[in-house]
Amino acid sequence: MRLLTISWPHPRSLRIRRFATLWFRHRARPQLDPSLRQVVAALALLGAALVAGIVTLAAGRPQLVAAYGLLLIVGWLGVLVAAIYSRIVPFLTWMHRYSPRVGEKGLPKVGDLVPMRWVRMASGAWIGGIATLAVAVSVGAPLAASVGAALFALGSLVSLVLYARLALRS
């Protein structure tokens, strides 16, 4: 009787692994739209809040408690809600305005209702403002905290203008 010998790794398995590695490395990756990038940023801020919470427990400084609250409530929750709104509000507006005319030519797509460049700017201002504000509060730098709050307010203002234009668009 002939003994079965197994050699590991088998040359065929090496070829499959090499193909999979090359495919994953060179595959086309779709760009995330700004709302999904906001979700990623919200999760990153949640991670930062977790780290700030652990550091707060270890150090017990009141400034760190404030930074933890900012990162958790304004950072994670606020940015996540803004990301959800940036997906839902244009869709609901499109449904309200254009659903009776479905099938006609020349109707805008949902993504065409809001200029993505401005959504990116609002997102960047929010995230930069929250990060600046949290770091400034944790180290006790009032001028930097003012800059962070101003950035966050700028992002909120841009977002407000975008949604107001969307609501008033005919």
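With (1) within 30 Å of residue 142 (Cβ to Cβ); (2) of a type in the set (A, V, I, L, M, F, W, C); (3) in contact with a helix residue (DSSP H, G or I) (Cβ under 7 Å, 6 or more places away or on another chain) as the list, and residue 91 as the residue in question, which single condition is left unmet?
Going through (1) within 30 Å of residue 142 (Cβ to Cβ); (2) of a type in the set (A, V, I, L, M, F, W, C); (3) in contact with a helix residue (DSSP H, G or I) (Cβ under 7 Å, 6 or more places away or on another chain) one by one, residue 91 breaks only (1).
Criterion first (over 23 Å from residue 159 (Cβ atoms) and not in a helix (DSSP H, G or I)) does residue 53 satisfy it? Steps first, please.
Working: over 23 Å from residue 159 (Cβ atoms): yes; not in a helix (DSSP H, G or I): no.
So residue 53 does not fit the description; no.
Quick check, is residue 154 at pLDDT 95 or above, surrounded by 12 or more Cβ atoms within 10 Å (Cβ to Cβ) and touching a helix residue (DSSP H, G or I) at 6+ places or on another chain (Cβ under 7 Å)? Don't jump to the end; show me each part of the working.
On the way: at pLDDT 95 or above: yes; surrounded by 12 or more Cβ atoms within 10 Å (Cβ to Cβ): yes; touching a helix residue (DSSP H, G or I) at 6+ places or on another chain (Cβ under 7 Å): yes.
In short, yes.
Looking only at segment 69-88, count every residue that is over 16 Å from residue 128 (Cα atoms), modelled with pLDDT of 90 or more and surrounded by 16 or more Cβ atoms within 10 Å (Cβ to Cβ) and tell me the total.
Residues meeting the conditions: 1.
For segment 128-142, state whether one or more residues are aliphatic (A, V, I, L, M), over 28 Å from residue 161 (Cβ atoms) and outside any helix (DSSP H, G or I). Let's see the steps before the verdict.
The initial filter retains those residues of segment 128-142 that are aliphatic (A, V, I, L, M), namely 130-131, 133-137, 139, 141.
Subsequent filtering for residues that are over 28 Å from residue 161 (Cβ atoms) retains 139, 141.
Still in the list and also outside any helix (DSSP H, G or I): 141.
So far as segment 128-142 goes, yes, one or more of its residues are aliphatic (A, V, I, L, M), over 28 Å from residue 161 (Cβ atoms) and outside any helix (DSSP H, G or I).
Just wondering, is there one or more residues in segment 79-96 that are touching a residue at least 40 places away in the same chain (Cβ under 8 Å), over 24 Å from residue 158 (Cα atoms), in a helix (DSSP H, G or I) and of a type in the set (Gly, Ala, Ser)?
Checked segment 79-96: no residue is touching a residue at least 40 places away in the same chain (Cβ under 8 Å), over 24 Å from residue 158 (Cα atoms), in a helix (DSSP H, G or I) and of a type in the set (Gly, Ala, Ser).
The values are calculated or read from the model by the stated rules, or taken from the named source; none is laboratory data. Note that the structure is predicted; figures quoted are calculated from it, not measured. Here the Cβ is made from the backbone with ideal geometry for all residues, glycine too, and neighbour counts use every protein chain on show.
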